[in-house]
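Below is one structure, written out as structure tokens; the observations come after it.
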Amino acid sequence: MRTLSPRNETVFWVGAAGAAADAGEGTDFHAVRNHQVSVTPLQVDLTHNTQLPLLRAWLAR
């Protein structure tokens, strides 16, 4: 879903958040429901680490 941020920048949402599936303590839903900030760490490193030794061996030939 395409929308604008408060800074007037284009942002994209994967989809609507929907209802909380699990709002137990320690979850993002619980934090937001209690007017707290929720921060979700993301990993964007797409390296296929299990293949690195094979690649290094091939490059060393």
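The values are calculated or read from the model by the stated rules, or taken from the named source; none is laboratory data. What you see is a predicted model; the values in this text were computed from it and never measured. Here the Cβ positions follow ideal geometry from the backbone for every residue, glycine too, while neighbour counts run over all protein chains shown.
For THR50, which of the numbered conditions (1) among the hydroxyl-bearing types (Ser, Thr, Tyr); (2) more than 18 Å from the chain's Cα centre (by Cα); (3) outside any helix (DSSP H, G or I) fails to hold?
(3)
Pick out the one residue from ALA21, ALA17 that is surrounded by 10 or more Cβ atoms within 10 Å (Cβ to Cβ) and either acidic (Asp, Glu) or at pLDDT below 85 (or both). Step through it out loud before you land on a result.
Details: ALA21 fails: surrounded by 10 or more Cβ atoms within 10 Å (Cβ to Cβ).
ALA17 is the lone residue from the list that is surrounded by 10 or more Cβ atoms within 10 Å (Cβ to Cβ) and either acidic (Asp, Glu) or at pLDDT below 85 (or both).
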